[in-house]
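Peer 1: Below: one structure in structure tokens.
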Amino acid sequence: MSSVAVFFQHLTNGLTLGGIYALIALGYTMVYGILKFINFAHGDILMVGAYMGMFAFDFLRGDAPLGAWTFISFLLAMIFSAVFCAVLGMFIEKVAYKPLRRAARLAPLLSAIGVSFILSNGAAWMWGTQSRKLNYPFDNSPITILGISITPHQILVLIVSFAMMVALTLFVGKSRMGKAMRATSLDQDTAQLMGINVNVVISLTFAIGSALAAVGGMLIALDYKCYPTLGTMTGLKAFVAAVVGGIGNISGAMLGGILLGLVETFGVAVLGIPQGYKDTIAFVILIIILLLKPEGILGKVEKEKV
Amino acid sequence: MSFFQIILIYTCIYALMAIGQNLITGYGGMLSLCQAGFFALGSYATAILTTTYGWNFWLTLPVAVLISAICGFAIGMPTLRLKGDYLAIATLGFGEIVRNVINNWDSLTKGPMGIQKIPQAAILGFKFNPYKKTAFLIMLVVVLAICYFLFRRLARSRMGRALAAVREDEIAAASMGINTTKYKVSAFILGASVAGIAGSFQAVYILSVTPGTYTFMVSIMVLCMVVLGGMGNFLACILGAFIIQFISYFPQLTGLTNVIPAQAKQIIFGLILVVMMIWRPQGIMGREKFDYSGEKRKKGAKDATRN
Amino acid sequence: MSELLTIENIDVCYGNIKALSGVSMHVDQGDIVCLIGANGAGKSTLLKSIVGLEGLTNGQICFDGEVICQAKKVKHTTDQIAKMGISLVPEGRRVFADMTVEENLDMGAFMVRDQNVIAKKKEEMFDFFPILGARRKQKTRSLSGGEQQMMAIARALMSSPRMILLDEPGLGLAPLIIQDIFNKIALINKQDKVTIFLVEQNARMALKASNKGYVMENGKIVLADKASNLLTNEKVKAAYLGE
Amino acid sequence: MLLETEKLSRVYGGVVAVNEVDFRVQEGLITGLIGPNGAGKTTLFNNMTGLDTPTNGKVLFEGKDITGKKANEICRLGIARTFQNIRLFKEMSVVENVMIGRHFKVGDKNKGRFLQSVKSYFFMKNEEKTIYNKALEYLDFFGLADLRNEDAKALPYGHQRELEIARAMATEPKLLFLDEPAAGMNPQETEHLMEMISRIRSLGVSVVLIEHDMKLVMNICDEITVLNFGNKIASGTPNAIKHDPVVIEAYLGSEEDD
Amino acid sequence: GGSSESSTAYKIGFIGPMTGDNANYGILCSQAVKLAVDQANAKGGINGTQIELIIEDSEGNQEKGMAAIEKLSSTDKISCLVGPVFTGVSFAVGERCQAEGIPMMSPSATHKDITAIGDYVFRTVVSDGLQGEVAGHYFYEVLGYRNIGCLYIKNDYSQGLYEGMKAAFEACGGKVSAVETAQLGDKDFKTQLTKLKAANVEAIYIPNYTVEMAQQLEQAAQVGLNVPFLSCDGFSNPEIYDLAGDYTNGVIYIAPTQVEESDSYKQFVADYTAAFGVAPDSFATNAFDATNIYIKVMKEVGSDRTAIRNGVASIKDYQGVTGTVNFAENGDLIAYQGVYRVENQTPIYIGAYTVDGGKLVEVK
Ligand SMILES: Nc1ncnc2c1ncn2[C@@H]1O[C@H](COP(=O)(O)OP(=O)(O)OP(=O)(O)O)[C@@H](O)[C@H]1O
Ligand SMILES: Nc1ncnc2c1ncn2[C@@H]1O[C@H](COP(=O)(O)OP(=O)(O)OP(=O)(O)O)[C@@H](O)[C@H]1O
Ligand SMILES: CC(C)C[C@H](N)C(=O)O
Ligand SMILES: [Mg+2]
Ligand SMILES: [Mg+2]
């Protein structure tokens, strides 16, 4: 391989890895943006979404060979999984977070950790701990251009995360509901005074966030497989990405995700530091970014007015 | 009840970390997620010095504290500008960096293989044999008691009050002449130091160290202990540590392990966390209200507090 | 004139502290009513309980003949009450700090769906508070205290409510502006038939602008009368008018 | 001159909040700072107390340049302040709030820092007692001693304002900045506040206050400076200001007959 | 064995990760132990007494492992222990077992130093030392590679195998010219694979766990990396064929031998699959043998710990499902390494090897 080709292969790898982080980070940021708390269970909802999608897909597809039907059944499975997770997300919010809305900031975090334990171990109990394959609904053989390989799946991940980013930005920025979400995130009492039903807003936020998680979960599981801790490690990374991008900021989540993917790839590939230190490099760079830009890359630095 | 003793031993070790976390988070209001990192530093300092360099355990203890303190300073100083969850991520990153470096610096830490055959702690030839627990437990209780009193004292002095002020309103605190940076960094240093102590004792309890013990989950558990017990309350931290340890070893203590599936234990653990938080969001004991004059403080009307 | 807002014998507690006890009062359709009282008397608490932000432990509150709040159970949530046409300018401004002035006004008009109406209302507000117009793209958090107060009032007016509850609208405002605001209140009361319920420390000015006044002490209504009578009431003069 | 600013400006993006203002505070006096909403009064305060840094110009305190110093350093030099939007330590008790004000007032100047902290660690009981008693004195001054064990957040607005002043006074300042101390108070309470401020001056503390309550300003201020759109448009005695046409035009409006 | 006549308690303990990130290994092994105990109990247990099995969760973590052995030793008073599953936990638990004289037999902890803890520590899995050595020799001498790359996980297992292989391969004269590592739990290896691709090596050794190897094989294809892959005993877990499908074809791996041959093995797989719905991996197979060895010994000497340890040490040519089991002086399994090549998603047995005096020897 020529070194130029190697470079571009790394670039491709980094971008697509970043796409995966971005996919999860979007949902994280969305919920954080409204409720200002780290929904630790987001990754686990994503895992449930992957499993539900897998079951639905296997069921719908049956023995059909790759073709239009597999693709359609994959989409149907995705819709099913998204709906399932939306309901699950709303349910979790009602039971575990809603009673804590006025409590200390860390109380819902702990509750979320509890939910995360319940979901991941519940999944292990019901579905076993071994990895299960979610089959590609299309032919995923790599496409090689000028010596650089990329798979259709990678392209899909990038497209979907980008599309989600655009859709979410428009939704939150432009729609009535989106405005209600922003107001709710700033001051729930006052939002109510404006005639906003914050319960509905929060439920909806969870529903959307969880549905996004389900879609993300299925796309990720195509590559990473389904297993009960699917959401944990990737979820954590994605959360880091969301924060670095400026938590609560939708484009920031996307940017943070891509950046994390690139940093993880290039930190090692180009700087020539031993691969083992990949996470160290990634975190050092992220900490440096935060030090230079304490509110995240796209976060707003607004000095408090006294 | 020798199995109960092991719960107490882990309670003590984790309570040490929780005390540190409480100073940082409960008092200073900084959400730090790197107790596991300092815990690891303490453990490895002891493990390396006792095995590779043949030091006595008690001599490694101050080194462990010093290293943790220096790292606490190194992480505290620059990241203090960060607020809330940004600080959480930076500190989480630090914890992961520590583990990552330990896992990769093979020549010093033996990498993923870990370090074995750590000698037992001893005083004048009397060995604190971890398998015999009682003596070990007594040693830990003494250490915990000392740290508890030192920290509680600190917290109800000017320093604790200044930290609380910084937590409540940094701008107002600065306008009252408080050097906010100084107090935040001090909290980090002290919090890191006790976690280092906890690490040292962990090393002489398990008698071997591997990077896998010092994961992010440890930091999360420590945070849970503090929040569950009650932020800003050192006794509550110890209680929180006990409760969390008790819940996680409950099936073993009662012999339920063979009756219920392994995951059920974790699911119950999760349920308890959720229920406890809904039941008492401010923690079981809540924030400790000091009473300066001998008269009792009126119970606050709404105790659930935001910070 | 018919009673628009009726408060019947309500109690409100913070934990075990009773902030309001046995408060009964009413506001007639089209009136301007003011409530005065010392610090901590419970005025803000009363306003908050009308919009459902504090629960009652006893009694009930009716708006336009319908029960909106009742002890021990939530009849209507705050957003429903807002939708019935009650708008509160809360104590301490409570602006959406991270939104611009314009976005804040948009939020005030959340219940209005007609974009033209919103645009018109906004221009009206900017006419009334020119400094807000000058700052329309600025984040509210960086506004001065008085500007934020204007912002909060303007926001409450955006939804063209049937009734406005104002909690110390003059707080932190320059004398000229306060006068303006009271004039404006009288104007919208007359023109738009908006009922006004006002809590104000500047008792003289408030009573002058009102038809009716209530005086609250320690969570209880101790006086209720025509505003003009209160202005000359010796007790009121001594305690609240600073003479 | 106890404190003065030299051509102090503060610009935010396009907004000139304070424009080349020369502001003077004489020792022992009560100086008023008035002006329409958004005139730049609070901004000027922030720039003098270290919470904001001037874009241009200097701040001199007792002849020394303190521009750009941190808030905590400025406080230790003897400048204390309150805030327009009350900033109490809400979850702490009333007395603890005041004790914070005593924070840097303990300790023995003759000992090194380390020895001092060791000493204060071991003799904490005594030290705490001193701080506590001193704090009670300041609470008493404002008649808040009975409320000492309440949470600060549960106090009614007016008391919160007083508590904030008590807390600032606990730092034993030479100069006290008050940002709208009478906001949210009724006339009677305002009168009480005026008394308090006069008493503070009689303790030898110079006071600067921002206020929209003209009765208060005109009654107790010795000097008044008026800002409008960031510019200083007038300064002088209350009487002079009251009749200054520029000020009337910009701020006071024609006197209401009453 | 003083207590051999007291027929009351035959207790076998098991420690492994039953929850957490690596629960799969613990669960598969524990099921094998359970199967062995159930089978023995169905046949009347030991001299008419039922055997009791106590499974404890270590979460793959030393701290929990210590608590587990504490409970097994002080509350349950077990006679012998199967496990722990992971090297790290085995070190901590092993010391305790040694100190208290509890026989311990790990089905899967492969670190070469584990049996050095003491004479109560055994294992039914081959030490990484031997496996790596055989691998190194085989790659050089039989496969004829001179320049290979390696991608391993920074954990004790993978690194141990890598080090063993590298030492032997380079001693033969070969060169491991490109080495990449990853962290446990990583799912994306494209960076490393791209670097390996750029390094132009003849083959790549991936001594990792099943799930990671599945990812690596699949992603190698994704970055267009087309060289032969070499692997280790982790490949003997049939899960790999579910996960990596056709990407496994052509892989050559070294793993404990004779697994494929015996009828008893086939029987075991059938029983296991019938009971638990999944197929066992090689560690579970080892755990099955370990348990049966204990049962056999206990039948002879009773429940006394020292007697059991001595009994295990003197086992000779035990015929287990993994083949013939003998323990070396230090408690290590004496075993040969099988070489397999995957064709059509099925491993084809090529031969058994060991290393003797620095030479690769084929065992017939
Ligand atoms: N969150 C709270 N927790 C406990 N007590 C409270 C709380 N809010 C208000 N109170 C108490 O309730 C009483 C009434 O307070 P409220 O704010 O209604 O008074 P107010 O008449 O509006 O006074 P002000 O003129 O100062 O605004 C006061 O004694 C106050 O201390
Ligand atoms: N960070 C900022 N960014 C932009 N503009 C700002 C910022 N801070 C203040 N301003 C503007 O500067 C002007 C002066 O504000 P300041 O708070 O000093 O007013 P003030 O005189 O205290 O008014 P008030 O009496 O209403 O409190 C205001 O118009 C405000 O909008
Ligand atoms: C289950 C196995 C993969 C464990 C591994 N052999 C170890 O020593 O840790
Ligand atoms: Mg009020
Ligand atoms: Mg101001």
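The values are calculated or read from the model by the stated rules, or taken from the named source; none is laboratory data. It should be emphasised that the depicted structure is a prediction, and the values quoted were computed from it without experimental measurement. Note that each Cβ is placed from the backbone with ideal geometry, even for glycine, and that neighbours are counted across all protein chains shown. For accessibility, only protein heavy atoms count, side chains too; no ligands or nucleic acids. Shrake-Rupley method; radii C 1.70, N 1.55, O 1.52, S 1.80 Å.
Peer 1: Enumerate the amide H contacts of E:Ile46 below 5 Å, restricted to partners 5 or more residues apart or on another chain; note that Pro and chain-start residues carry no placed amide H.
Peer 2: Result for E:Ile46 returns E:Ile51.
Peer 1: Provide, as a two-decimal number, the C-alpha radius of gyration of the stretch C:3-240 over 2.2 N^0.38 Å, N being how many residues it has. Please report the intermediate quantities before stating the final value.
Peer 2: Details: Rg = 17.3 Å, N = 238, 2.2 N^0.38 = 17.6 Å.
Cα-based Rg divided by the globular estimate yields 0.98.
Peer 1: When only the heavy atoms of the protein chains count and the probe is 1.4 Å, how do B:Arg152, D:Arg24 rank by accessible area, highest first? Show your work: numbers first, answer last.
Peer 2: Numbers: B:Arg152 55, D:Arg24 115 Å².
Order by accessible area, largest first: D:Arg24, B:Arg152.
Peer 1: Given a Förster distance of 51 Å, report the FRET efficiency between B:Leu124 and B:Lys83 from their Cβ-Cβ distance, rounded to the nearest 0.05.
Peer 2: Values: r = 50 Å, r/R0 = 0.97.
Computed FRET efficiency for B:Leu124 and B:Lys83: 0.55.
Peer 1: Quantify how strongly other chains surround peptide D:221-232 by giving the mean number of their Cβ atoms within 10 Å of each of its Cβ atoms. Intermediate results must be reported in sequence, preceding the final value.
Peer 2: Details: counts 0, 0, 0, 0, 0, 0, 0, 0, 1, 0, 0, 0.
That average works out to 0.
Peer 1: Could you tell me the accessible area of A:Trp127 in Å² (1.4 Å probe, neighbours in place), rounded to the nearest ten?
Peer 2: Using a 1.4 Å probe on the heavy atoms, I get roughly 40 Å².
Peer 1: Hey, got the average number of other protein chain Cβ atoms within 10 angstrom for residues in A:232-240? Can you show the working numbers first?
Peer 2: Details: counts 5, 7, 3, 0, 4, 0, 0, 4, 6.
What the average comes to for A:232-240 is 3.
Peer 1: Here's a follow-up. If r is the Cβ-Cβ distance from E:Asp263 to A:Arg101 and R0 is 56 Å, what FRET efficiency results, to the nearest 0.05?
Peer 2: Values: r = 64 Å, r/R0 = 1.14.
E(calc), rounded to 0.05, equals 0.30.
Peer 1: Taking only complete DSSP H runs, can you tell me which helices of chain A stretch 20 Å or more along their own long axis by Cα positions and average at least -0.5 on the Kyte-Doolittle scale? Could the numbers behind the result be given before it?
Peer 2: Details: long enough: A:3-35 (47 Å, 1.30); A:42-61 (28 Å, 0.84); A:68-92 (36 Å, 2.29); A:106-127 (31 Å, 1.37); A:152-174 (32 Å, 1.73); A:198-224 (38 Å, 1.76); A:230-246 (24 Å, 1.38); A:250-269 (28 Å, 1.69); A:278-292 (21 Å, 2.56).
For chain A, where a helix must reach 20 Å along its axis and average at least -0.5, the hits are A:3-35, A:42-61, A:68-92, A:106-127, A:152-174, A:198-224, A:230-246, A:250-269, A:278-292.
Peer 1: Could you compute how much accessible area chains D and B hide from each other, both sides summed, with a 1.4 Å probe? Nearest 100 Å² is fine.
Peer 2: 3400
Peer 1: What full-extension length gain, to one decimal in nm, is calculated for D:Leu203 and D:Phe123 as 0.36 nm per residue of separation minus the Cα-Cα distance? All intermediate terms of the calculation are to be shown ahead of the outcome.
Peer 2: Details: separation 80, 0.36 × 80 = 28.80 nm, distance 3.08 nm.
This chain segment gains 25.7 nm when fully extended.
Peer 1: 5 Å is the cut-off here: which amide hydrogens, built 1.01 Å from N in the peptide plane, fall below it relative to D:Tyr12, excluding neighbours closer than 5 in sequence?
Peer 2: D:Ala17
Peer 1: While we're on this one: What's the extension gain from A:Asp189 to A:Lys300 if we count 0.36 nm per residue and subtract their Cα-Cα distance? Write down the numbers at each step before the final one.
Peer 2: On the way: separation 111, 0.36 × 111 = 39.96 nm, distance 2.34 nm.
The A:Asp189-A:Lys300 span can extend by a further 37.6 nm.
Peer 1: Just want to confirm a number: the relative contact order over chain E, from Cα pairs under 8 angstrom separated by 6+ residues, in percent. Present the calculation step by step, with values, prior to reporting the outcome.
Peer 2: Working: 813 pairs, mean separation 68.1, N = 364.
For chain E, the relative contact order is 19 percent.
Peer 1: Further question: Please turn the phi angles of the stretch D:126-132 into ³J(HN,Hα) values with the Karplus equation 6.51 cos²θ - 1.76 cosθ + 1.60 (θ = phi - 60°), one per residue in order, whole Hz, x for glycine and proline.
Peer 2: So the J values, rounded to whole Hz, are 4, 4, 4, 4, 4, 4, 4.
Peer 1: Please turn the phi angles of the stretch B:119-125 into ³J(HN,Hα) values with the Karplus equation 6.51 cos²θ - 1.76 cosθ + 1.60 (θ = phi - 60°), one per residue in order, whole Hz, x for glycine and proline.
Peer 2: So the J values, rounded to whole Hz, are x, 6, 6, 8, 10, 6, x.
Peer 1: Can you list, bin by bin at 5 Å, the percent of alpha carbon pairs in the stretch A:3-292, starting at 0?
Peer 2: Per 5 Å bin, starting at zero, the Cα-Cα P(r) for the stretch A:3-292 comes out as 1, 6, 11, 16, 18, 17, 14, 9, 5, 2, 1, 0, 0 percent.
Peer 1: Between the stretch A:20-56 and the stretch E:42-81, what's the alpha-carbon centroid distance in Å?
Peer 2: 39
Peer 1: Now a separate question. Measure nothing fancy, just the Cα-based angle from helix E:128-137's long axis to the longest principal axis of chain E, in degrees from 0 to 90, nearest 10.
Peer 2: With both axes taken from Cα atoms, the answer is about 30 degrees.
Peer 1: For labels at E:Thr306 and E:Asp356 in the simple 7 Å Cα→Cβ model, what's the distance in nm?
Peer 2: Inter-label distance under the simple model: 3.7 nm.
Peer 1: For chain D, what is the relative contact order in percent, using Cα pairs closer than 8 Å and at least 6 residues apart in sequence?
Peer 2: Details: 463 pairs, mean separation 69.6, N = 258.
27 percent.
Peer 1: Something else now. For chain B, return all DSSP H helices satisfying: extent of Cα atoms along own axis at least 18 Å; mean Kyte-Doolittle hydropathy at least 0.0. Intermediate results must be reported in sequence, preceding the final value.
Peer 2: Numbers: long enough: B:2-21 (28 Å, 1.61); B:35-51 (24 Å, 0.96); B:57-79 (32 Å, 1.81); B:84-104 (30 Å, 0.51); B:134-155 (31 Å, 2.17); B:180-206 (39 Å, 0.95); B:216-229 (20 Å, 2.76); B:234-254 (28 Å, 1.66); B:262-279 (26 Å, 1.78).
Those that clear 18 Å and a mean of 0.0 are B:2-21, B:35-51, B:57-79, B:84-104, B:134-155, B:180-206, B:216-229, B:234-254, B:262-279.
Peer 1: If you average the C-alpha positions of the stretch C:58-123 and of the stretch E:240-255 separately, how far apart do those two centres end up, in angstrom?
Peer 2: 65
Peer 1: HN-Hα J couplings of the stretch E:196-207 from phi, Karplus 6.51/-1.76/1.60, θ = phi - 60°, integer Hz, Gly and Pro as x?
Peer 2: 5, 5, 5, 7, 6, 9, 7, 7, 10, 9, 10, x
Peer 1: Further, regarding this structure: From Cα pairs below 8 angstrom and at least 6 apart in sequence, can you work out the relative contact order of chain B, rounded to a whole percent? Please report the intermediate quantities before stating the final value.
Peer 2: Values: 483 pairs, mean separation 99.7, N = 307.
Taking the mean separation of contacting Cα pairs over the length of chain B, I get 32 percent.
Peer 1: Provide the gained length on full extension for the span C:Val117 to C:Gln179, in nm with one decimal, where the gain is 0.36 nm per separating residue minus the Cα-Cα distance.
Peer 2: Working: separation 62, 0.36 × 62 = 22.32 nm, distance 2.70 nm.
So the chain would gain 19.6 nm between C:Val117 and C:Gln179.
Peer 1: Here is a further query. Just reorder D:Phe45, B:Phe4 by solvent-accessible area, largest first, 1.4 Å probe, all chains present.
Peer 2: On the way: D:Phe45 0, B:Phe4 60 Å².
Accessible-area ranking of D:Phe45, B:Phe4, largest first: B:Phe4, D:Phe45.
Peer 1: Which order do you get for C:Ile153, A:Ile159 if you rank them by accessible area with a 1.4 Å probe, largest at the top? Write down the numbers at each step before the final one.
Peer 2: On the way: C:Ile153 10, A:Ile159 100 Å².
The ranking, largest first, comes out as A:Ile159, C:Ile153.
Peer 1: Can you give the accessible area of B:Leu59 in Å² (nearest 10), computed on protein heavy atoms with a 1.4 Å probe?
Peer 2: Surface open to solvent at B:Leu59 totals about 110 Å².
Peer 1: If you take each beta carbon of peptide B:225-233 and count the beta carbons of other chains within 10 angstrom, what is the mean?
Peer 2: Values: counts 0, 2, 8, 3, 0, 1, 4, 1, 0.
Neighbouring Cβ atoms belonging to other protein chains average 2 per residue here.
Peer 1: Here's a follow-up. Give A:Lys98/E:Lys187; E:Lys11/E:Lys64; C:Lys18/C:Lys75; C:Lys137/D:Lys69 a once-over and call out the pairs whose C-alpha atoms are over 25 Å from each other.
Peer 2: Table pairs above 25 Å Cα-Cα are A:Lys98/E:Lys187; C:Lys137/D:Lys69.
Peer 1: Hey, another quick one. State the Cα centre-to-centre distance between the stretch B:68-105 and the stretch C:198-243 in whole Å.
Peer 2: Result: 59 Å between the Cα centres.
Peer 1: Less than 18 Å apart at the alpha-carbon level, and either on another chain or at least 8 residues along: which lysines does that give for C:Lys193?
Peer 2: C:Lys83, C:Lys121, C:Lys184, C:Lys212
Peer 1: Starting from the amide H of D:Gly35, placed 1.01 Å from N in the peptide plane, find each other amide H under 5 Å away whose residue is 5 or more places distant or on another chain.
Peer 2: D:Leu227
Peer 1: Probe 1.4 Å, all protein chains in place: accessible area of B:Tyr53 in Å², nearest 10?
Peer 2: Result for B:Tyr53: roughly 140 Å² accessible.
Peer 1: Further question on the same structure: Taking 7 Å along the Cα-to-C-beta vector as the label spot, tell me the E:Arg341-D:Glu62 distance in nanometres, rounded to one decimal.
Peer 2: Calculated label separation equals 9.1 nm.
Peer 1: How far is it, in nm, from the label point at A:Ala64 to the one at E:Ala270 when both lie 7 Å from their Cα along the line to the Cβ?
Peer 2: Taking the simple label geometry, A:Ala64 and E:Ala270 are separated by 3.8 nm.
Peer 1: Which residues of the stretch C:39-71 end up with at least 50 Å² less accessible area in the presence of all protein chains than when their chain stands alone, using a 1.4 Å probe?
Peer 2: Residues of the stretch C:39-71 that lose at least 50 Å² of accessible area once the other chains are added: C:Asn39, C:Leu53.
Peer 1: Which FRET efficiency value, to the nearest 0.05, do you get for A:Val87 and A:Val200 by plugging their Cβ-Cβ distance into 1/(1 + (r/R0)^6) with R0 = 22 Å? Write down the numbers at each step before the final one.
Peer 2: Details: r = 15 Å, r/R0 = 0.68.
Efficiency, from the Cβ-Cβ distance: 0.90.
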